[in-house]
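Everything below concerns the one structure shown next.
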Amino acid sequence: MINVYNHLIGYNIKPSVQRIAVMDYLLKHRTHPSVEEIYSALSGDMPTLSKTTVYNTLKLFAEQGAAQMLTIDEKNVCFDGDTSLHAHFLCKRCGKIYDLPISEPMKETLESNIEGHSVDELHYYYKGTCKNCLEK
Ligand SMILES: [Zn+2]
Ligand SMILES: [Zn+2]
(Lines give C-alpha, C1' and ligand atoms only; values in the text may rest on other atoms or scores of the structure.)
(Ligands and ions follow the chains in the order given, each with its own letter.)
Protein backbone atom coordinates (compact mmCIF):
# COMPACT_ATOMS: atom_id res chain seq x y z
CA MET A 1 0.00 0.00 0.00
CA ILE A 2 1.53 3.24 -1.18
CA ASN A 3 1.64 6.26 1.11
CA VAL A 4 0.29 9.04 -1.09
CA TYR A 5 1.57 11.80 1.19
CA ASN A 6 5.17 10.59 0.95
CA HIS A 7 4.70 9.75 -2.70
CA LEU A 8 3.96 13.43 -3.44
CA ILE A 9 6.84 14.65 -1.29
CA GLY A 10 9.11 12.33 -3.25
CA TYR A 11 8.22 14.31 -6.37
CA ASN A 12 8.65 17.69 -4.63
CA ILE A 13 4.93 18.29 -4.54
CA LYS A 14 3.43 19.91 -1.48
CA PRO A 15 0.73 17.48 -0.35
CA SER A 16 -2.55 19.35 0.06
CA VAL A 17 -5.78 17.47 0.81
CA GLN A 18 -6.93 17.89 -2.79
CA ARG A 19 -3.61 16.82 -4.30
CA ILE A 20 -3.58 13.72 -2.12
CA ALA A 21 -7.12 12.87 -3.23
CA VAL A 22 -6.26 13.30 -6.93
CA MET A 23 -3.05 11.27 -6.68
CA ASP A 24 -4.81 8.59 -4.66
CA TYR A 25 -7.43 8.28 -7.39
CA LEU A 26 -4.76 8.12 -10.08
CA LEU A 27 -2.83 5.38 -8.31
CA LYS A 28 -5.93 3.29 -7.65
CA HIS A 29 -7.46 3.66 -11.11
CA ARG A 30 -5.07 2.50 -13.78
CA THR A 31 -7.63 3.25 -16.48
CA HIS A 32 -6.00 6.50 -17.64
CA PRO A 33 -8.77 8.75 -16.34
CA SER A 34 -9.59 12.17 -17.78
CA VAL A 35 -10.00 15.40 -15.77
CA GLU A 36 -13.77 15.00 -16.11
CA GLU A 37 -13.68 11.47 -14.70
CA ILE A 38 -11.51 12.36 -11.70
CA TYR A 39 -13.55 15.45 -11.00
CA SER A 40 -16.89 13.63 -10.99
CA ALA A 41 -15.46 10.84 -8.84
CA LEU A 42 -14.06 13.20 -6.18
CA SER A 43 -16.43 16.16 -6.18
CA GLY A 44 -19.07 14.26 -4.19
CA ASP A 45 -16.78 14.04 -1.16
CA MET A 46 -15.10 17.37 -1.83
CA PRO A 47 -17.72 19.99 -2.66
CA THR A 48 -15.08 22.76 -2.80
CA LEU A 49 -13.15 20.98 -5.54
CA SER A 50 -13.35 22.59 -8.97
CA LYS A 51 -12.58 21.12 -12.36
CA THR A 52 -9.87 23.75 -12.80
CA THR A 53 -8.19 22.62 -9.59
CA VAL A 54 -8.23 19.01 -10.78
CA TYR A 55 -6.72 20.03 -14.11
CA ASN A 56 -4.04 22.24 -12.52
CA THR A 57 -3.19 19.51 -10.03
CA LEU A 58 -2.76 16.93 -12.79
CA LYS A 59 -0.68 19.36 -14.84
CA LEU A 60 1.57 19.90 -11.83
CA PHE A 61 1.91 16.13 -11.37
CA ALA A 62 2.94 15.79 -15.01
CA GLU A 63 5.46 18.64 -14.74
CA GLN A 64 6.99 17.09 -11.63
CA GLY A 65 7.16 13.65 -13.25
CA ALA A 66 4.61 12.11 -10.88
CA ALA A 67 2.16 11.34 -13.68
CA GLN A 68 2.05 11.11 -17.44
CA MET A 69 -0.17 13.36 -19.50
CA LEU A 70 -1.56 11.45 -22.46
CA THR A 71 -2.80 13.20 -25.56
CA ILE A 72 -3.57 10.00 -27.45
CA ASP A 73 -7.24 10.97 -27.58
CA GLU A 74 -7.28 14.48 -29.03
CA LYS A 75 -10.74 15.16 -27.59
CA ASN A 76 -9.77 14.14 -24.09
CA VAL A 77 -6.48 14.56 -22.26
CA CYS A 78 -5.88 11.59 -19.96
CA PHE A 79 -3.57 10.96 -17.06
CA ASP A 80 -1.55 7.98 -15.93
CA GLY A 81 -0.11 7.48 -12.45
CA ASP A 82 2.21 4.80 -13.85
CA THR A 83 5.32 6.70 -14.91
CA SER A 84 7.28 3.66 -16.05
CA LEU A 85 8.04 3.54 -19.76
CA HIS A 86 5.18 1.86 -21.59
CA ALA A 87 3.15 2.37 -24.73
CA HIS A 88 -0.54 3.15 -24.98
CA PHE A 89 -3.22 1.72 -27.20
CA LEU A 90 -6.44 3.60 -27.82
CA CYS A 91 -9.44 1.64 -28.99
CA LYS A 92 -11.26 3.76 -31.53
CA ARG A 93 -14.47 1.87 -30.88
CA CYS A 94 -14.86 1.92 -27.09
CA GLY A 95 -12.38 4.70 -26.28
CA LYS A 96 -10.51 2.63 -23.70
CA ILE A 97 -6.78 3.13 -23.30
CA TYR A 98 -4.67 0.05 -22.68
CA ASP A 99 -1.09 -0.24 -21.45
CA LEU A 100 1.26 -2.04 -23.80
CA PRO A 101 4.83 -3.12 -23.17
CA ILE A 102 7.57 -1.50 -25.20
CA SER A 103 9.55 -4.00 -27.22
CA GLU A 104 13.28 -4.43 -26.71
CA PRO A 105 14.29 -2.96 -30.09
CA MET A 106 12.25 0.13 -29.27
CA LYS A 107 13.95 0.46 -25.92
CA GLU A 108 17.32 0.31 -27.62
CA THR A 109 16.50 3.38 -29.66
CA LEU A 110 15.90 5.35 -26.47
CA GLU A 111 18.55 7.95 -25.98
CA SER A 112 18.50 11.03 -23.86
CA ASN A 113 20.26 12.90 -26.60
CA ILE A 114 19.21 12.72 -30.25
CA GLU A 115 21.00 14.89 -32.79
CA GLY A 116 21.88 17.33 -30.06
CA HIS A 117 18.35 17.61 -28.68
CA SER A 118 17.86 16.69 -25.07
CA VAL A 119 14.93 14.28 -24.77
CA ASP A 120 13.12 13.77 -21.50
CA GLU A 121 9.74 12.49 -22.61
CA LEU A 122 8.70 9.78 -25.01
CA HIS A 123 5.18 8.79 -26.01
CA TYR A 124 4.28 5.68 -27.93
CA TYR A 125 0.69 5.68 -29.13
CA TYR A 126 -1.12 2.94 -30.99
CA LYS A 127 -4.70 3.15 -32.19
CA GLY A 128 -7.07 0.49 -33.45
CA THR A 129 -9.74 -1.88 -32.22
CA CYS A 130 -9.21 -3.63 -28.91
CA LYS A 131 -9.61 -7.37 -28.41
CA ASN A 132 -12.80 -6.95 -26.41
CA CYS A 133 -14.43 -5.00 -29.22
CA LEU A 134 -13.18 -7.48 -31.82
CA GLU A 135 -14.93 -10.30 -29.97
CA LYS A 136 -18.30 -8.56 -30.10
ZN1 LIG B 1 -12.58 -1.43 -27.54
ZN1 LIG C 1 -0.46 3.72 -19.05
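Looking at (1) within 16 Å of ligand 1 (Cβ to nearest atom); (2) at pLDDT below 95; (3) over 13 Å from the mean Cα position of the chain (by Cα), which is the only condition ILE102 fails?
(1)
Residues to consider are THR71, THR48, THR83; find the one that is assigned to a strand (DSSP E or B), open to solvent by 50 Å² or more (accessible area, probe 1.4 Å) and more than 15 Å from ligand 1 (Cβ to nearest atom).
It is THR71.
Across segment 87-136, what is the total count of residues that are part of a loop (DSSP other than H, G, I, E, B) and touching a residue at least 60 places away in the same chain (Cβ under 8 Å)?
Number of matching residues: 1.
In segment 5-42, what residues are buried (at least 19 other Cβ atoms within 10 Å of the Cβ) and over 16 Å from the mean Cα position of the chain (by Cα)?
Passing the criteria: only ILE13.
The values are calculated or read from the model by the stated rules, or taken from the named source; none is laboratory data. Keep in mind that this is a model prediction, so the values were computed, not measured. Because the Cβ atoms are built from the backbone with ideal geometry, glycine has one as well, and the counts that use them run over all protein chains shown. Accessible surface is based on the protein model in full, side chains and every heavy atom, while ligands, DNA and RNA are left aside. Shrake-Rupley method; radii C 1.70, N 1.55, O 1.52, S 1.80 Å.
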